[in-house]
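Before any comments, here is the structure.
The values are calculated or read from the model by the stated rules, or taken from the named source; none is laboratory data. Fair warning: this is a prediction, and the values are worked out from it, not measured in the lab. Note that we place each Cβ from the backbone using ideal geometry, even for glycine, and neighbour counts take in every protein chain shown. These accessible areas exclude ligands, DNA and RNA; they are computed on the full protein's heavy atoms, side chains included. Shrake-Rupley method; radii C 1.70, N 1.55, O 1.52, S 1.80 Å.
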Amino acid sequence: MLIRYPFKFETYGAVKLYDVTRTVSLYGVDFEKRFGAFSLTSENLIRIAESTAVVVPVKDEDPLVLEGVLRAVPLHSPLIVVSNSSTKPLDVYSNEVDIAKNIYQLSGRSIIVIHQKDPLIAELLKSEAPDLIDESEGLVRDGKGEGLLIGTLVAEGINSRYVGYIDSDIYIPGAVLEYSLIYYTALAMSKSPYKMVRISWGFKGWYGEEFLLRRWGRVSGVVSSVLNSVLSRGRKFETDIIKTSNSGEHAMSMELAKILGFASRYAVETYELVHLLETCYLGLREGSCRALPNTVDILQVESRNPHLHAQKGELHVLEMLVESLGIIYHSKLADQHLKNTILRILKEFSYEEEPPKPGTYRYPQINTKKFLDELLSRSEISVAHGF
Ligand code: GDP
Ligand code: CO
């Protein structure tokens, strides 16, 4: 893959936000013939792919779509499926386990499948991450953010340098391959140990009566503009640098994951940016930025394949919006002016209340290798192939 170097960046404290850049060409290794773009050598491509674990969160998606996603992630990257799918009355989860096993048998790739509600996960995490556990159930809480956090612990447990996330409801496997190649290439473009790449979908669509590939997702357009207004007012220069507030598809170095806060459910992607701006921009002088003296590099790359995923309805859109804006509303970034802006936006979506504060988690300070060894040796439902 050939990715154009970003045209510009803006720094806010130690947070270095790169403007959205694009892929010049989808496949190209050992091919750097012009100065303006970057590609990996074949050797580096394989080395980085091997050190990037790809986490796929899944909750009751169409198994055929999940299978397409799993088959599209390059074989060199270890795959980690974190499922919160039903086990009864229909056992959707066992079907997912079988898909993974089949892929392993055919390819020999490394693949781990764990269930978010595996009682062992709750048992192993409850002392270091009590908030992650639902009190009444005694199991890990529901939510995509919770799934990503567990997947990241597993990625650290297998010693990955990088972790990338890819949703399981993406209909076009070619898009998944493209996201993976973008992760490998863009992560190598930054020299900071603290780095992240976020995908900005070139076009987005849903299956429906009207076929239209849109430039802007509804939630990310609104939430990104709120974050941009925080930056604009802080610096007194208007900016539109953030385009990926809700990017489910993103990857980062393990060093960054370990200093990042994770949020519950659908607030997870927005909170990554909010937390970095809280600690490494606003909190810089108070010493709350653990990345110093390095910068935290955030790259944003626009993908070429259209992002077609499951259409989950208006209520789902509102839920995501309330959670993402809620995490900004209750953060250090929000003064009264911003809070009013958020309330006004929510009103336009007929949501009249103050958004609740989503739960947040620190990255648990545990021995992740031991956690994974214990989980895999004792669990009755989580499985690993090829390790
Ligand atoms: P959207 O794509 O942002 O509209 O949100 P989705 O509802 O498609 O969710 C994104 C991804 O997270 C999908 O792959 C879901 O299957 C997955 N997901 C949603 N909720 C959960 C959960 O509670 N746990 C896990 N592990 N995954 C989830
Ligand atoms: Co989706």
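Output needed for region 284-387: three equivalent-ellipsoid semi-axes, defined as square roots of 5 times the C-alpha gyration tensor eigenvalues, in descending order, whole Å.
Each semi-axis is the square root of five times an eigenvalue, giving 34, 24, 18 Å.
Note down the net charge around A100, summing +1 for each Lys or Arg and -1 for each Asp or Glu among other residues with Cβ under 10 Å from its Cβ.
Combined, the nearby Lys, Arg, Asp and Glu give -1.
Before rounding to the nearest 500, sum -39500 (n - 2.57) across all DSSP H runs of length at least 4 in the chain and divide by the residue total; then give [θ] at 222 nm in deg cm²/dmol.
-11500 deg cm²/dmol
Write out the trypsin sites (Lys or Arg not before Pro) in region 252-350 meeting two conditions: DSSP loop, and at most 12 other Cβ atoms within 10 Å of their Cβ.
Numbers: sites: K258, R265, R285, R290, R304, K312, K332, K339, R344, K347; in loops: R285, R290, R304, K312, K332.
For trypsin sites (Lys or Arg not before Pro) across region 252-350 that sit outside H, G, I, E and B with at most 12 neighbouring Cβ atoms in 10 Å, the list reads R285, K312.
Please give me, ordered by residue number, the GluC sites (Glu not before Pro) of region 228-315 that lie in loop per DSSP and have at most 11 other Cβ atoms within 10 Å.
Here the GluC sites (Glu not before Pro) that fit, given the DSSP loop and packing criteria, are E238, E286.
Just need the Rg to Rh number for region 195-288, please, alpha carbons only, Kirkwood Rh. Don't skip to the answer; put the middle values down first.
Values: Rg = 15.1 Å, Rh = 14.8 Å.
Rg divided by Rh gives 1.02.
Please tell me the relative contact order of region 2-385 in percent, rounded to the nearest whole number, where contacts are Cα pairs under 8 Å and at least six residues apart. Intermediate results must be reported in sequence, preceding the final value.
Details: 762 pairs, mean separation 89.7, N = 384.
Computed value for region 2-385: 23 percent relative contact order.
What does the net charge come to around L321 if you take all other residues with beta carbon closer than 11 Å to its beta carbon, with K and R at +1 and D and E at -1?
-3
Could you tell me how many cubic angstrom of Cα convex hull volume region 1-142 has per residue?
Each residue corresponds to 176 Å³ of Cα convex hull volume.
With springs only between Cα atoms under 10 Å, which of T244, T279, T152 fluctuates most in a Gaussian network model of the chain?
Of T244, T279, T152, the Gaussian network model singles out T279 as fluctuating most.
In the chain, carbon and sulfur make up what percent of the accessible area (probe 1.4 Å)?
Carbon and sulfur atoms account for 52 percent of the accessible area of the chain.
Assigning unit charges at the beta carbon (Lys, Arg +1; Asp, Glu -1) and nothing else, what dipole magnitude in debye, to the nearest 20, does region 1-122 show about its Cα centre? Before the final figure, lay out each step's value.
Details: 13 positive and 14 negative charges, 88 e Å.
In debye, rounded to 20, region 1-122 gives about 420.
Membrane-span-like helices in the chain: DSSP H runs reaching 24 Å or more (Cα, own axis), mean Kyte hydropathy at least -1.0? Please list the in-between numbers first.
Working: long enough: 218-235 (26 Å, 0.38).
Answer set is 218-235.
Going by a ≥ b ≥ c, the root eigenvalues of the Cα gyration tensor, does the chain fall in the rounded group (a/c under 1.5), the prolate group (a/b larger than b/c) or the oblate group? Walk me through the intermediate numbers first.
Working: a/c = 1.34, a/b = 1.14, b/c = 1.18.
Rounded shape, in that the Cα axes give a/c under 1.5.
Using a 1.4 Å probe, what is the accessible area per residue for the chain, in Å²?
Result: 44 Å² per residue.
Sum up the charges of everything whose Cβ sits under 14 Å from the Cβ of E374, counting Lys and Arg as +1 and Asp and Glu as -1, but leave E374 out. Provide the component values of the computation, followed by the final result.
Details: positive: K126, K369, K370, R378; negative: D118, E123, E128, D373, E380.
Around E374, the charge tally is -1.
If you average the C-alpha positions of region 5-66 and of region 173-205 separately, how far apart do those two centres end up, in angstrom?
3
Given 5 Å bins starting at zero, what is the percent of C-alpha pairs of region 213-266 in each, up to the one with the largest pair distance?
Distribution as computed: 4, 17, 18, 21, 20, 15, 4, 0 percent.
May I ask which of K8/K312; K101/K370; K312/K339; K16/K126 have a Cα-Cα span longer than 30 Å here?
Long pairs (Cα-Cα over 30 Å): K8/K312; K16/K126.
Using heavy-atom solvent-accessible surface (probe 1.4 Å) with all chains present, what is the largest-first order of K16, K33, K8?
Most to least solvent-accessible, the answer reads K33, K8, K16.
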